[in-house]
Amino acid sequence: MNKTNFDRARYRHFYNQMCRIRAFERAAIKAKDENLVLGAIHPSIGQEAAAVGVCGNLRREDILLSTHRGHGHTLCKGADPQAMMLELLGKTGGNCGGKGGSMHIADFGVGMLGANGVVGANINIAVGAAHAIKLKGEDKVVTCIFGDGAINRGPFLEGLNWAKIYNLPVLFVCEDNGYSATTNTKDTTAGAGPVARAQSLGLEAESRDGNDVVGVDIATRDLLSRVKKKGPHLLHLKTYRLGGHTSTDPAKYRPDGEADGKWSEDPIARCRDMLKQAGLTDEALTDIEMAATSEMDGIYERARDAAFPPAANAYTDVQDIGDPRSQAF
Amino acid sequence: MKTMTYLEAGRAGLAEMMRQDGSVWALGEDLGRGGVFGQYHGLQDEFGSDRIADTPISESCILGSAVGAAMMGTRPVVEMRFADFALCAVDELVNQAAKARYMFGGQARVPMVVREPSGMWRSSAAQHSQSLESWYTHIPGLVVVMPATPADNKFLLMESIRCNDPVVYLEHKDLWSLEGPVDDQTETLPIGKARVARPGSDLTIVSWSAMFHRALEAAAILATQNVDAEVIDLRTLWPWDRQCVCESVQKTGHLLIVHEAVQVSGFGAEISSVVTENCFGDLKSAPRRLAAPRIPISYAPTMEDEVRVSASQIVEAALTQIGT
Ligand SMILES: Cc1ncc(C[n+]2csc(CCOP(=O)(O)OP(=O)(O)O)c2C)c(N)n1
Ligand SMILES: [Mg+2]
């Protein structure tokens with residue numbers, strides 16, 4: 001990094017965003033432990049630089065598709081964390097009115113077309129969204145984030161091939177945390193991985209340190225401009241999931257000490273060091289972190305008090321023709 | 001009024017919608033060459049290769065990308081080539097298309113039509129002959145349409161394209177060359193309305209798709225034996241026109257349901273249950289189903305015929321049911 005052109009304000013903002021994601025997820029884990037989050041949550045603690053470095057480059061009108069581990073992506077795309085927390089608790093005011101939960105958060109108002117409970121399913125949807133953008137001649141890009149495990153599902157081949165032959169504006173981002181649920185992904189993946197697979201289909205692809213928010217930011221910015229001119233690209237971000245697969249997974253399958261060792265590469269701590277070198281004080285950085293924590297704690301408190309949606313809402317938004325409100329049985 | 005085949009009528013319906021609405025487009029394998037049966041013949045010349053798009057053999061991406069494109073405000077018409085191949089895209093249809101609107105709390109609309117040529121046709125055997133309509137009726141969020149006539153294939157396709165829900169549109173391969181009158185005027189045909197194709201007073205026969213034509217043949221034979229059968233073409237399976245069927249059963253007291261799909265867990269079971277629950281007092285006999293045995297579809301005609309319900313079997317079943 002060249003210190004003279006280090007954009008302090010930008011990375012101060014990115015640091016803030018990473019802190020907000022972590023504080024949101026810490027609050028969500030607490031809510032899960034207190035039995036107020038009803039379903040499973042998949043925290044992204046340790047992977048925040050990927051979310052912020054990628055999504056921090058998207059405009060509101062750009063489109064994002066995410067995964068079951070998508071709180072960070074969604075927050076950075078501009079979704080309201082209060083609505084997200086309400087959704088996690090299944091309450092009125094949640095992004096999906098309590099119908100989706102953590103794994104199905106969407107906020108169409110900010111171009112976030114959904115997390116997905118089915119690994120890899122977002123890839124085909126993303127290329128279709130890009131196909132529509134191309135048909136309509138709009139100036140938008142689609143970013144599709146998926147895990148390292150998703151590259152072993154069929155849609156990875158079908159979707160990347162599709163994006164390439166139609167030359168669609170999609171940035172594929174493989175957020176590689178090393179694990180597919182509880183299995184080490186390298187044990188189930190043949191060949192050299194996502195970059196090689198993408199290149200074999202003629203996409204330009206590159207690998208970056210996913211815990212370096214500056215590197216992710218620069219790579220994403222560059223790739224997005226290439227996507228607009230030249231069609232689909234893939235960015236492979238190597239990172240690490242510091243917690244379990246879900247918030248309640250003790251992750252005992254990992255070698256002893258693996259996660260402890262990886263805390264030294266915590267992307268938030270690394271960004272903090274960088275900002276300190278660039279002249280920000282410890283005090284200022286701690287203030288940012290504490291403000292994030294109190295924001296998200298407040299959000300959780302308010303979500304606790306909210307009401308569950310009325311049971312009758314179970315019948316809305318199924319379909320217009322054959323609406324269950326007129327014929328459910 | 002024009003005479004058209006079932007295939008031509010479907011093509012005319014799609015072309016008409018594409019002229020009316022620039023957001024309508026079709027995608028599938030070999031569409032530029034007209035599609036496997038010619039349903040798209042000439043459309044790429046008129047609409048270009050962006051709107052009549054040739055795709056790779058990627059069923060999951062054909063359907064999945066249509067979900068994304070529909071959520072972005074276009075109206076994709078997806079060609080699955082054979083209903084059997086749609087099984088390569090079950091996640092995209094069932095978990096994505098059918099769920100997006102609900103799961104996202106009403107933020108999404110998925111206005112897409114999934115065309116699935118279905119049913120037995122020219123010894124196509126086990127992987128190219130199935131009738132899987134009852135599966136789709138089981139999935140909240142989907143609309144299920146099965147046209148039996150050229151006119152219906154035009155106007156129900158147009159209505160399906162206008163519909164804001166994902167529609168599974170099952171055309172029968174054995175009907176492609178069937179001719180019939182089709183109105184030139186753009187008329188609308190609401191989804192969910194059955195048609196009493198032949199009024200009668202002695203027995204109600206409910207059917208759909210190609211089997212509807214066997215039911216009509218059977219009714220003509222029954223008429224020669226002084227049995228006046230009412231024949232209903234259900235046209236759409238979700239939603240389905242209970243009122244039409246129940247009113248008919250209230251009049252005739254006997255219900256025979258005929259379909260090409262396997263009888264076990266077929267849609268006939270649903271119709272039979274609903275009629276029994278709602279019209280028990282009107283029934284003079286237990287509702288009966290006539291459909292395929294639970295065996296895969298064979299290649300050789302001798303064995304293929306085992307799963308094919310014939311007009312004479314319908315006649316026989318009807319006579320037994322009314323006790324003559
Ligand atoms: C099609 C499908 N298969 C299996 C699962 C169960 N599952 C949920 S998350 C997950 C691991 C996915 O690994 P990866 O893509 O690397 O994402 P990560 O969880 O590491 O973020 C699995 C197997 C699923 N949701 N969908
Ligand atoms: Mg992973």
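Please treat every number below as a calculation from the coordinates, not as lab data. All figures in this text were calculated on a predicted structure; none of them were measured in a lab. When we count neighbours, we look across all protein chains shown, and the Cβ atoms used for this are built from the backbone with ideal geometry, even at glycine.
Relative to the Cα centre, the charge distribution of segment A:8-302, modelled as +1 at Lys and Arg Cβ and -1 at Asp and Glu Cβ, gives a dipole magnitude of about 920 debye.
Just subtract the alpha-carbon distance of B:HIS138 and B:ILE295 from 0.36 nm times their residue separation and send over the number in nm, one decimal. Kindly include the intermediate steps, with their values, before the conclusion.
Details: separation 157, 0.36 × 157 = 56.52 nm, distance 2.13 nm.
Using 0.36 nm per residue and subtracting the Cα-Cα distance, I get 54.4 nm.
For a test of the definition: using alpha carbon positions, the gyration tensor, and the 1.5 limit on a/c, classify the protein assembly as shown as rounded, prolate or oblate. Note, shape of the protein assembly as shown comes out prolate. In terms of its Cα atoms, segment B:2-182 spans 45, 37, 29 Å along the principal axes, sorted from long to short.
Dividing the radius of gyration of the alpha carbons in segment A:186-329 by their Kirkwood radius gives 1.10 for Rg/Rh. Here the residues B:THR252, B:THR5, ranked from fewest to most Cβ neighbours within 10 Å of their Cβ, fall in the order B:THR5, B:THR252.
Mean separation of Cα pairs under 8 Å and 6 or more residues apart, divided by the residue count, gives segment A:212-329 a relative contact order of 16 percent. Residues in segment B:168-173 carry Karplus couplings, in order, of 8, 10, 9, 8, 8, 5 Hz; the curve used is 6.51 cos²θ - 1.76 cosθ + 1.60 with θ = phi - 60°, and Gly or Pro positions show x.
Across peptide A:104-110, the mean count of Cβ atoms from other chains lying within 10 Å of each residue's own Cβ comes to 4.
The mean number of partner chain beta-carbon atoms within 10 angstrom of a residue's beta-carbon across peptide B:87-99 is 3.
Between A:LYS136 and A:ASN167, the contour length at 0.36 nm per residue exceeds the alpha carbon distance by 9.7 nm.
So how far, in whole Å, is the C-alpha centre of segment B:65-93 from the one of segment B:1-41? Using only Cα atoms to place each centre, the spacing works out to 16 Å.
Counting only other chains, and only Cβ atoms inside 10 Å, what mean value do you get across the residues of A:117-127? Can you show the working numbers first?
Working: counts 4, 5, 0, 3, 7, 3, 5, 14, 15, 3, 6.
Across the residues of A:117-127, the mean count of other-chain Cβ atoms within 10 Å is 6.
Over segment A:8-302, Cα pairs under 8 Å with separation of 6+ residues give a relative contact order of 24 percent. Separation of segment A:43-109 and segment A:125-193, taken as the distance between their Cα centroids, equals 18 angstrom.
For segment A:230-291, the square roots a ≥ b ≥ c of the C-alpha gyration tensor eigenvalues yield an a/c of 1.5 or more together with a/b not exceeding b/c, which makes the shape oblate.
Measuring from each cysteine beta-carbon in the protein assembly as shown, the ones with no other cysteine beta-carbon under 4.7 angstrom are A:CYS19, A:CYS96, A:CYS144, A:CYS174, A:CYS271, B:CYS61, B:CYS88, B:CYS163, B:CYS244, B:CYS246, B:CYS279. Looking at the square roots a ≥ b ≥ c of the eigenvalues of the Cα gyration tensor of chain A, which shape do they give, rounded for a/c under 1.5, prolate if a/b is larger than b/c, or oblate? Taking the square roots of the gyration eigenvalues as a ≥ b ≥ c, chain A is rounded. Name the residue farthest towards the positive end of the dipole of segment B:2-182 from the options B:ALA98, B:ALA86, B:PRO147, assuming +1 on Cβ of Lys and Arg, -1 on Cβ of Asp and Glu, about the Cα centre. So the residue we want is B:ALA98.
Assigning unit charges at the beta carbon (Lys, Arg +1; Asp, Glu -1) and nothing else, what dipole magnitude in debye, to the nearest 20, does segment B:137-234 show about its Cα centre? Write down the numbers at each step before the final one.
Values: 7 positive and 14 negative charges, 42 e Å.
The calculated dipole for segment B:137-234 is roughly 200 debye.
Arranged from fewest to most other beta-carbon atoms within 10 Å of their beta carbon, B:MET72, B:MET303 become B:MET303, B:MET72. When the GluC sites (Glu not before Pro) in segment A:61-164 are filtered for DSSP coil states and for at most 15 other beta-carbon atoms within 10 Å of their beta-carbon, the remaining sites are A:GLU61, A:GLU138. Across the cross-link table entries A:LYS140/A:LYS229; A:LYS77/A:LYS186; A:LYS186/B:LYS99; A:LYS91/A:LYS252; A:LYS186/A:LYS262; A:LYS140/A:LYS230, which are compared at the Cα atoms, the separations over 22 Å belong to A:LYS77/A:LYS186; A:LYS186/B:LYS99; A:LYS91/A:LYS252.
Quick check for me: using +1 on Lys/Arg Cβ and -1 on Asp/Glu Cβ, what's the dipole size of segment B:1-101 about its Cα centre, in debye to the nearest 20? All intermediate terms of the calculation are to be shown ahead of the outcome.
Details: 9 positive and 14 negative charges, 66 e Å.
Computed about the Cα centre, the dipole is about 320 debye.
Going from the residue with the fewest nearby Cβ atoms within 10 Å to the one with the most, A:HIS236, B:HIS128, B:HIS41, A:HIS71 rank B:HIS41, B:HIS128, A:HIS236, A:HIS71. Mean separation of Cα pairs under 8 Å and 6 or more residues apart, divided by the residue count, gives chain B a relative contact order of 16 percent. Label point of B:PHE280 set 7 angstrom out along Cα-Cβ; within segment B:237-252, amide nitrogens under 17 Å from it belong to B:250. Calculated from the alpha-carbon coordinates, segment B:1-48 shows an Rg and a Dmax of 10.7, 32 Å respectively. Segment B:128-171 and segment B:207-225 have Cα centres separated by 22 Å.
Identify the residues of segment A:72-113 with backbone N under 18 Å of a label point that sits 7 angstrom from the Cα of A:ALA311 along the Cα-to-Cβ direction, or state none. Residues A:91-92, A:98-99 fall inside that zone.
Legend: calculated FRET efficiency, A:ALA278 to A:ALA192, from the Cβ-Cβ distance at R0 = 41 Å, rounded to 0.05, equals 0.70. On the basis of the beta-carbon distance and an R0 of 56 Å, A:ASP256 and B:HIS41 show a calculated FRET efficiency of 0.25. Selection among A:GLY210, A:HIS233, A:THR220 by position relative to the dipole of segment A:205-244 gives A:HIS233 as farthest towards the positive end (Cβ unit charges, Cα centre). Taking 7 Å steps out from each Cα toward its Cβ at A:ASP287 and B:SER49 produces label points 6.0 nm apart. In segment A:16-60, a dipole from Cβ-located charges (positive for Lys and Arg, negative for Asp and Glu) runs towards its positive end, and of A:LEU58, A:GLY39, A:ALA23 it is A:LEU58 whose Cα lies farthest in that direction. In order along segment A:293-300, the Karplus-derived 3J(HN,Hα) couplings, from 6.51 cos²θ - 1.76 cosθ + 1.60 at θ = phi - 60°, round to 4, 6, 4, 6, 5, x, 4, 5 Hz, and Gly and Pro are given as x. Counting DSSP beta bridges with both partners in segment A:178-329, what percentage is antiparallel, nearest 5? Antiparallel bridges: around 25 percent, rounded to the nearest 5. In order along segment A:138-148, the phi-based Karplus estimate (6.51 cos²θ - 1.76 cosθ + 1.60, θ = phi - 60°) of 3J(HN,Hα) comes to 8, 9, 9, 10, 10, 10, 10, 9, 8, x, 5 Hz; Gly and Pro are listed as x. Around the amide H of B:ARG75, modelled in the peptide plane, lie the amide H atoms of B:VAL24, B:TRP25, all under 5 Å away and 5 or more residues distant in sequence or on another chain. Under the simplified labelling scheme, the A:ARG10-A:ASP33 pair shows an inter-label distance of 3.7 nm, with each label point 7 Å from Cα along Cα→Cβ.
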